[in-house]
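Worksheet: the structure to be examined is printed underneath.
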């Protein structure tokens, strides 16, 4: 029997109305940690579940013979994936932290060890990503995000990731509100990598059923915080109106030397509108630039609210 790893591992798991998947997830994932690591803790973040997720979790571990340290973090109200996982990660004390955003286990469990081995080879953040059937809306989001992002590192759909303690300390040292962990991790300046796998579900990866408003709000926040897409859009529109304005000026000059005269008042009206819209969008570009600077100065605090932390331990 091979010697187990001595590093202490924290396993942070997001729970929201996933009672039907909890048992299958831990039956597939937990044996890997038991066989690989000497010491580990489990932190389950309950994001105001309205089903029997917590009851199923407690019942499952009550029937386990193994000694497990389990912490259940109860969020005060539904706060979404990002805020909940930030809370769980901040409570983790392990040398390395696994973040499971989704308990839909569509991968071979050995990839958990592969991610750990990859981390030890010189990386601080290693993610896993499924190649199968990424939603069109996700493809569009990641395309435009990576196109306009400040960072040279690209992001994409991820299933789970492992972080070194150095990565966690680096993120905490930034002292910033983290609205989108993937973006912050990619911008923290440490070495990252992604392991890709094929889903072992016949129909491909089953997406976690999240609140659509939550995902839309997260996408918009991410574009504002981590990209210059609004500035570029306003600048492009300003440029288009500038070109149109120049065209109107050229048309006005050429009309003086032409025998055919335009409708009276048309040239002045169009010129006024073109220059007016050019000025408006130029001003909008300047305002957005100032707003981006203010955002960098303002979002300096974590924002989540924990109601209670319950420790379940048989040790």
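General remarks:
- Scan of the range 133-144 for residues that are more than 17 Å from residue 101 (Cβ to Cβ) and touching a residue at least 12 places away in the same chain (Cβ under 8 Å), ordered by number: 133, 144
- Identity of the residue in the range 104-125, part of a loop (DSSP other than H, G, I, E, B) and more than 19 Å from residue 169 (Cα to Cα), that ends up nearest to the chain's Cα centre (by Cα): 104
Here is a yes/no grid of residues against (1) over 23 Å from residue 168 (Cβ atoms); (2) out of contact with any helix residue (DSSP H, G or I) (no Cβ under 6 Å at 6 or more places or on another chain); (3) buried (at least 17 other Cβ atoms within 10 Å of the Cβ):
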position	(1), (2), (3)
3	yes, yes, no
9	no, yes, yes
23	yes, no, no
27	yes, yes, no
34	yes, yes, no
38	no, yes, no
49	yes, yes, yes
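- Checked against (1) under 30 Å from residue 236 (Cα atoms); (2) assigned to a loop (DSSP other than H, G, I, E, B), residue 141 passes all but a single condition, namely (2).
- Evaluation of residue 153 against (1) touching a strand residue (DSSP E or B) at 6+ places or on another chain (Cβ under 9 Å); (2) more than 16 Å from residue 97 (Cα to Cα); (3) assigned to a helix (DSSP H, G or I) (one fails), failing number: (3)
- Qualifying residue in the range 12-19 (condition: in the same structural domain as residue 73 (by TED's automatic domain parsing), surrounded by fewer than 22 Cβ atoms within 10 Å (Cβ to Cβ) and assigned to a helix (DSSP H, G or I)): yes
- Residue identified as touching a strand residue (DSSP E or B) at 6+ places or on another chain (Cβ under 6 Å) and either more than 21 Å from residue 66 (Cα to Cα) or not assigned by TED's automatic domain parsing to the domain that holds residue 165 (or both) among 47, 51: 47
- Flag for residue 169 being at pLDDT below 70, out of contact with any strand residue (DSSP E or B) (no Cβ under 8 Å at 6 or more places or on another chain), assigned to a helix (DSSP H, G or I) and in the same structural domain as residue 97 (by TED's automatic domain parsing): no
- Verdict on residue 42 being within 14 Å of residue 310 (Cβ to Cβ) and assigned by TED's automatic domain parsing to the domain that holds residue 172: yes
- Any chance residue 27 is part of a helix (DSSP H, G or I), over 24 Å from the mean Cα position of the chain (by Cα) and free of Cβ contacts under 8 Å to residues at least 24 places away in the same chain: yes
The values are calculated or read from the model by the stated rules, or taken from the named source; none is laboratory data. What you see is a predicted model; the values in this text were computed from it and never measured. We place every Cβ from the backbone using ideal geometry, glycine too, and count neighbours over all the protein chains shown.
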